[in-house]
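> To start, I am sharing the structure in question, which I have written as structure tokens.
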Amino acid sequence: MRQDDLYINKIDWITIGIYASLVIIGWFNIYAAVYDEQAAKSIFDFSINSGKQLVWIGTALLLITLIMVADYRLFENLSIILYGVFVIFLLITPFFGKEINGQRAWFEIGAFRLQPAEFAKFATALALAKFMERPSFDLSQVKYQLQALAIIMIPVSLIMLQPDTGTAMVYSAFFVMLYREGMPQRYYVLGLTFITISLLALGIENNLYLVIGVAVVLGILNFMGKKSLRRSLSLLAIGAVVIGYSYSLDFVVSKLPTHQQNRIMVLFNPDLDPLGVGWNVTQSKIAIGSGGFWGKGYLEGTQTKFDFVPEQHTDFIFCTLGEEFGWVGSIVVVFLFCSLLIRLIILAERQKNRFSRVYGYCVISLLLFHFLINIAMTIGLFPVVGIPLPFFSYGGSSLWSFTILLFIFIKLDSHRIQFLGRMN
């Protein structure tokens with residue numbers, strides 16, 4: 001058997017098939033999201049979003065070809081250089097980027113826009129994989145934890161200068177990979193505790209109920225544990241910190257930009273301003289709910305035709321699917337995403353070296369975060385933060401960045417035996 005045939009046989013065609021399915025379904029939904037019955041245009045018309053997306057899909061195929069024919073060692077060797085290049089791009093974006101909706105996050109090239117923060121995701125993933133592949137790298141040690149955190153926080157800090165809070169938030173997904181690679185569990189317990197307390201403090205109108213709840217929980221912990229003055233004082237100090245934080249949270253939220261305050265308020269009270277700040281989420285839920293079990297039919301969505309849902313072809317693309325294809329169509333897409341994530345976990349676990357495994361879990365972490373947050377956002381379970389649905393939402397930067405992210409891993413996986421040979 002020739003070497004080329006051996007290589008082709010080791011490409012994971014299941015993952016590629018799922019990717020292709022999501023891209024094609026997404027393309028049809030992008031057309032549906034901008035479909036105008038009175039002035040119906042072909043899905044291939046380059047003057048509308050579906051035609052433009054087709055261009056991005058075609059160029060994505062070119063990127064896939066370049067990745068698959070490149071030397072698999074190239075991505076590891078250039079990982080730090082790529083990271084440095086995109087850090088520079090992020091650095092100059094707030095000064096030279098095009099301002100859209102109060103953010104300088106894009107470079108405009110003719111009729112197309114590119115968002116450096118999207119491409120910085122795969123560069124950060126490669127840099128993390130490169131740093132963490134060293135045999136001495138041990139996430140149980142603080143110095144290595146700080147190194148990994150620094151690699152993540154540099155692009156996050158620069159993205160916040162644009163400012164683009166939603167994209168910056170995505171980088172927290174890398175902590176899923178860090179957990180797999182040995183980050184101590186105590187950090188995740190503290191993080192989940194912090195999130196839970198924040199949600200309770202913001203969601204409960206009277207903080208007195210939260211104080212009572214904290215007191216009850218700490219009292220039970222003190223009763224169940226070993227009795228000692230030191231333990232009791234420690235629990236008392238924890239209680240004081242938690243209560244102090246819960247009371248200070250309102251002040252912290254009041255210092256956020258107005259649009260971010262509104263998004264947080266709508267999350268806890270969707271009916272607060274249904275014609276104002278709550279419009280997007282309210283209309284999105286109406287669109288999804290109106291689809292019922294089977295949906296209204298392709299190109300038959302009334303919410304779409306009358307343009308009730310803003311950004312329906314990008315951040316709220318899932319509500320187009322829910323309205324026109326109903327619960328069945330939504331479940332099919334959710335199943336495809338879950339299948340992709342499960343398949344990628346299988347691929348990551350079978351890698352023969354740490355670089356590929358770490359990078360694989362970075363891919364999984366980013367896709368999982370986007371998938372969960374985007375859908376939660378469209379059904380009102382998470383504030384609107386402007387996060388696209390991978391391979392599905394309209395946009396060249398999103399499609400290109402996720403395609404590069406995924407196919408670098410597919411390329412690395414297809415050469416896992418060669419990686420083993422290099423290690424030996």
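The values are calculated or read from the model by the stated rules, or taken from the named source; none is laboratory data. Given the structure is predicted, the values throughout are model-derived calculations rather than measurements. Backbone-built Cβ (ideal geometry, glycine too); neighbour counts: all protein chains shown. Protein only, heavy atoms only, side chains kept; ligands, DNA and RNA dropped before computing areas. Shrake-Rupley method; radii C 1.70, N 1.55, O 1.52, S 1.80 Å.
> Testing F369 on (1) buried (at least 24 other Cβ atoms within 10 Å of the Cβ); (2) touching a Ser or Thr at 6+ places or on another chain (Cβ under 9 Å), one condition comes back false. Which one is that?
Here F369 clears every test but (1).
> If you don't mind, another one. Identify, from the list L221, L233, L208, L202, the residue that is surrounded by fewer than 17 Cβ atoms within 10 Å (Cβ to Cβ), at pLDDT 70 or above, in a helix (DSSP H, G or I) and touching a Phe, Trp or Tyr at 6+ places or on another chain (Cβ under 8 Å). So that I can check it myself, show each step before the final result.
Numbers: L221 fails: touching a Phe, Trp or Tyr at 6+ places or on another chain (Cβ under 8 Å); L233 fails: touching a Phe, Trp or Tyr at 6+ places or on another chain (Cβ under 8 Å); L208 fails: touching a Phe, Trp or Tyr at 6+ places or on another chain (Cβ under 8 Å).
Being surrounded by fewer than 17 Cβ atoms within 10 Å (Cβ to Cβ), at pLDDT 70 or above, in a helix (DSSP H, G or I) and touching a Phe, Trp or Tyr at 6+ places or on another chain (Cβ under 8 Å) holds for just one of L221, L233, L208, L202, which is L202.
> Right, something else. Is it fair to say V216 is farther than 28 Å from A173 by Cβ, of a type outside the set (D, E) and open to solvent by 70 Å² or more (accessible area, probe 1.4 Å)?
yes
> Within region 98-123, work out how many residues are more than 27 Å from L412 (Cβ to Cβ), open to solvent by less than 70 Å² (accessible area, probe 1.4 Å) and acidic (D, E).
Total meeting the criteria: 0.
> Could you list, in sequence order, the residues of region 335-355 that are open to solvent by less than 40 Å² (accessible area, probe 1.4 Å) and part of a helix (DSSP H, G or I)?
L336, F337, S339, L340, L341, L344, L347, A348, F355
Residue-by-condition table, conditions (1) in contact (Cβ under 8 Å) with a residue 60 or more places away in the chain; (2) among the hydroxyl-bearing types (S, T, Y); (3) open to solvent by 50 Å² or more (accessible area, probe 1.4 Å):
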| residue | (1), (2), (3) |
| --- | --- |
| A125 | yes, no, no |
| L128 | yes, no, no |
| M132 | yes, no, no |
| P135 | no, no, yes |
| V142 | no, no, yes |
| I152 | no, no, no |
| M160 | no, no, yes |
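> Return yes when G329 is open to solvent by 10 Å² or more (accessible area, probe 1.4 Å), touching a Leu at 6+ places or on another chain (Cβ under 6 Å) and not hydroxyl-bearing (S, T, Y) and no when it is not.
For G329, the condition - open to solvent by 10 Å² or more (accessible area, probe 1.4 Å), touching a Leu at 6+ places or on another chain (Cβ under 6 Å) and not hydroxyl-bearing (S, T, Y) - is met.
> Here is a follow-up. Quick one: which of H313, H259 is at pLDDT below 90 and open to solvent by less than 50 Å² (accessible area, probe 1.4 Å)?
Of H313, H259, the one residue that is at pLDDT below 90 and open to solvent by less than 50 Å² (accessible area, probe 1.4 Å) is H313.
> Can you list residue pairs whose Cβ atoms sit under 6 Å apart, with the first residue in region 292-309 being under 11 Å from A32 (Cβ atoms) and open to solvent by 30 Å² or more (accessible area, probe 1.4 Å) and the second being at pLDDT 70 or above and not in a helix (DSSP H, G or I)? Count only pairs 6 or more apart in sequence or on different chains.
Sorted first by the residue in region 292-309, then by its partner, the pairs are L299/Y35.
> Conditions: (1) within 16 Å of L405 (Cα to Cα); (2) surrounded by fewer than 18 Cβ atoms within 10 Å (Cβ to Cβ). F95 meets all but one. Number of the miss?
The single condition F95 does not satisfy is (1).
> Something else now. Considering only residues that are under 28 Å from F382 (Cα atoms) and among the polar types (S, T, N, Q), which ones fall in region 191-240?
Matches in region 191-240: T193, T196, S198, N206, N207.
> Condition first: assigned to a helix (DSSP H, G or I), at pLDDT below 75, among the polar types (S, T, N, Q) and more than 22 Å from the chain's Cα centre (by Cα). Can you find one or more residues in region 296-303 that meet it?
Quick first cut of region 296-303, residues assigned to a helix (DSSP H, G or I) only: 302-303.
Then keep just the ones that are at pLDDT below 75; that gives 303.
Then drop every residue that is not among the polar types (S, T, N, Q), which leaves 303.
In the following step, the residues that additionally are more than 22 Å from the chain's Cα centre (by Cα) were identified as 303.
Checked against the condition, which is being assigned to a helix (DSSP H, G or I), at pLDDT below 75, among the polar types (S, T, N, Q) and more than 22 Å from the chain's Cα centre (by Cα), region 296-303 yields at least one hit.
> Okay, next question. Confirm whether W400 is at pLDDT below 95 and closer than 30 Å to N77 by Cα.
Yes, satisfied.
> Out of (1) open to solvent by 50 Å² or more (accessible area, probe 1.4 Å); (2) at pLDDT below 90, what's the single condition that is false for N49?
Every condition holds for N49 apart from (1).
> If I ask for residues that are crowded, with 17+ Cβ neighbours inside 10 Å and at pLDDT below 90, which ones from region 170-199 would you list?
Residue satisfying the conditions is I197 alone.
> Scanning for something over 19 Å from F369 (Cβ atoms) and without any contact (Cβ under 8 Å) to a residue 12 or more places away in the chain, does region 170-181 turn up at least one residue?
Kept after step one, since they are over 19 Å from F369 (Cβ atoms), are these residues of region 170-181: none.
Within region 170-181 (the criterion being over 19 Å from F369 (Cβ atoms) and without any contact (Cβ under 8 Å) to a residue 12 or more places away in the chain), the answer is no, since none of the residues qualifies.
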